[in-house]
Amino acid sequence: MSLKPFLLFIFALFLPFSSGAQEDNIDARNLLKLNLSDWYFARYELGFEHVLNESTSVQFAFAGIGAAEDFSNYLYNPMSGADNRTSVEVEHGGWRFAPEIRRYAWVYGGMPEGVFVAIQGRIENWTLNVDEDINQTGSTLPSDQFQEELDGTFTQFHWGGGVMVGYQWFSDNGISIEVYTGPMFRSFSRKWQADVALTNGEKELAEDSLEPRVFDSSRWETYLNNNSGPGWRFGLTVGLGL
């Protein structure tokens, strides 16, 4: 399934609810939300939820990605019996967009509250600017790895979606708290662009070397090494009624 049919599917889900939004005798209300659970993954997300009718709302969430990390690796060369030490600096950047439609057990006083079930779509573009320094000890790197420094930009794009269940509390002072969880599917595509020109063979070897020399030591190792397929999502948000 390509990205374009997926986006058309999400749009088709929203259309019937938006066209019937004015049929209910209810004053539509809004929530501005901050996602607290995704801070660990360096995703800083704001969401906007809008009530359509007495049981339905739509939400749009946008996240910016930003982080920096540095670490060292020791790569053992069995041919020479020596270690090579590498120092790696990584700058993370990018964005994420997640549209969502929700069905609540009830909407109290125009605000979404209580148990809900949601269908969510998601697209994300994540870039890693990698700067590696190799401190040579008189020997070469392992023969199955790229022999030069891994300096360049790694891009990871994914699209997907899932179903979530959750509960949202809304207090008299206008503050909301929400928890949610559920299964999802993600499809990944990845690209490596070195700072210098590489042959096809060198590029393939550099891509294979990213995992042991960069990803495996990253704070986000699991996410970087994920393959397309099913996963699980959970979260916690706080919000303010508008």
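The values are calculated or read from the model by the stated rules, or taken from the named source; none is laboratory data. Remember, predicted model here, so these are calculated numbers, not experimental data. Cβ atoms come from the backbone with ideal geometry, glycine included; neighbour counts cover every protein chain shown.
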Subject >> Qualifying position, being of a type outside the set (Asp, Glu) and touching a helix residue (DSSP H, G or I) at 6+ places or on another chain (Cβ under 6 Å), among Phe215, Phe154, Phe185, Phe170 >> reply: Phe215
Original post:
Is it true that some residue in region 134-144 is part of a loop (DSSP other than H, G, I, E, B), within 24 Å of Phe215 (Cα to Cα) and at pLDDT 80 or above?
Top reply: yes
Original post:
In this structure, is Tyr180 in a strand (DSSP E or B) and surrounded by 19 or more Cβ atoms within 10 Å (Cβ to Cβ)?
Top reply: yes
**OP:** Take the residues in region 54-81 that are under 30 Å from the mean Cα position of the chain (by Cα), modelled with pLDDT under 95 and closer than 30 Å to Pro112 by Cα, then tell me which one is surrounded by the most Cβ atoms within 10 Å (Cβ to Cβ).
**Re:** Ser57
Original post:
From the list Phe170, Phe146, which residue is farther than 22 Å from Leu236 by Cβ and buried (at least 18 other Cβ atoms within 10 Å of the Cβ)?
Top reply: Phe146
Original post:
So which of Arg96, Arg85, Arg122 is in a strand (DSSP E or B), modelled with pLDDT under 95, of a type in the set (Lys, Arg) and more than 18 Å from Glu211 (Cβ to Cβ)?
Top reply: Arg85
Original post:
Being surrounded by 17 or more Cβ atoms within 10 Å (Cβ to Cβ) and farther than 25 Å from Arg96 by Cα, is that true of even one residue in region 190-203?
Top reply: yes
**OP:** From Val107, Val117, Val130, grab the single residue that is aliphatic (A, V, I, L, M), surrounded by 19 or more Cβ atoms within 10 Å (Cβ to Cβ) and at pLDDT 95 or above.
**Re:** Val130
